[in-house]
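This report refers to the structure that appears directly beneath it.
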Amino acid sequence: MSLRSPLGKVRGLGSAKEGVAHWWAQRMTAVALVPLLVWFVASICAMIGADYGAVRDWIATPMVSIMLVLLTIAVFHHAQLGLQVVLEDYVHTEWLKIASIGIVKFAAIGLAVATIFSIVKIALG
Amino acid sequence: MAANNRPLSPHLQVYKPQLTTFMSITHRATGIALAVGTLMLVCWLIAAATGESAFNEVQAFLGSIIGRLLLLGWSFALFYHMCNGLRHLFWDTGKGFEIETAYMTGRVVIAASILLTIGAWLWGYAAMGAI
């Protein structure tokens, strides 16, 4: 028995080759997050007790600003991919599932933009 | 809906709880917790960009008992999710699925996340000059 759709048979094309896009993006962001988070946690541990000026000086260091922006992008991309799977697994009302996934994606983009803007403002301010 | 009358396969409660299943759901739970915890990081950075008084308010909250408990939970969640995520990446290569190996790597992940959490907090308190 073939599992191909009639349209797929007619066209004679294979899959769209995008079946693993979500899975792959989750793995790639995971790999990126390991060094980024080790660096971030170590930096924060070393900075505990630092005041406002010291923290701003740290964020404004070019290498730190770049690492923080990369961290923000990887974190929010990874988080929204993961939360999407959780919602797909547990929310069984179709409209609620689509709406909640949409809210998560909008929130991830909004929070990432706000975070990156804050980093850039400090870096260039 | 007719679909609701379909017979269901046995659900979780018929199975004995195991380390591997517990660690699997904990990976998901820590992932959700980390997504929520990231909001605090966002607040911290926005406050740093806003001004000194906003920053000091966020710092005061993070330094309070509730703030420290949340940070403790988030730091453990982060280390657990990272260590168990590496275990998942190892599985993605097609290796490590033998029962003994899965239990061994699971125990390593739990031990590593606890040790990393303790290490990070000792480092933080040392940086503060508290120890």
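The values are calculated or read from the model by the stated rules, or taken from the named source; none is laboratory data. Note that the coordinates shown come from a computational prediction; the quantities given were computed from them, not determined experimentally. FYI the Cβ positions are ideal-geometry reconstructions off the backbone, even for glycines, and counts take in every protein chain you see. With ligands, DNA and RNA removed, areas are computed over all heavy atoms of the protein, side chains included. Shrake-Rupley method; radii C 1.70, N 1.55, O 1.52, S 1.80 Å.
Couple of notes before you dig in:
- Condition check for A:Leu33 on (1) closer than 21 Å to A:Leu81 by Cα; (2) surrounded by 14 or more Cβ atoms within 10 Å (Cβ to Cβ); (3) more than 8 Å from every other protein chain (Cβ to nearest Cβ): one failure, at (3).
- Listed here are the helices (runs of 4 or more DSSP H) enclosed by segment A:1-108 that have at least 1 residues being aromatic (Phe, Trp, Tyr), modelled with pLDDT of 95 or more and in contact with a Phe, Trp or Tyr (Cβ under 7 Å, 6 or more places away or on another chain): A:52-60.
Residue by residue, here is whether (1) closer than 26 Å to A:Leu70 by Cβ; (2) open to solvent by 50 Å² or more (accessible area, probe 1.4 Å); (3) in contact with a strand residue (DSSP E or B) (Cβ under 8 Å, 6 or more places away or on another chain) holds:
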residue: A:Leu81; (1), (2), (3): yes, no, no
residue: A:Val86; (1), (2), (3): yes, no, no
residue: A:Glu94; (1), (2), (3): no, yes, no
residue: A:Ala99; (1), (2), (3): no, no, no
residue: A:Val104; (1), (2), (3): yes, no, no
residue: A:Ala108; (1), (2), (3): yes, no, no
residue: A:Val113; (1), (2), (3): yes, yes, no
residue: A:Phe117; (1), (2), (3): yes, yes, no
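- For segment A:79-87, the count of residues that are facing chain B (nearest Cβ under 8 Å), farther than 21 Å from B:Ala33 by Cβ and touching a residue at least 24 places away in the same chain (Cβ under 8 Å) is zero.
- Residue match in segment B:21-41 (condition: within 10 Å of chain A (Cβ to nearest Cβ), under 16 Å from the mean Cα position of the chain (by Cα), of a type in the set (Val, Ile, Thr) and surrounded by fewer than 18 Cβ atoms within 10 Å (Cβ to Cβ)): yes
- Segment A:93-114, residues that are farther than 19 Å from B:Val36 by Cβ and either at the interface with another protein chain (Cβ under 10 Å from one of its Cβ atoms) or of a type in the set (Asp, Glu) (or both): A:Glu94
- Selection status of B:Met104, more than 17 Å from the chain's Cα centre (by Cα) and within 28 Å of B:Gly63 (Cα to Cα): no
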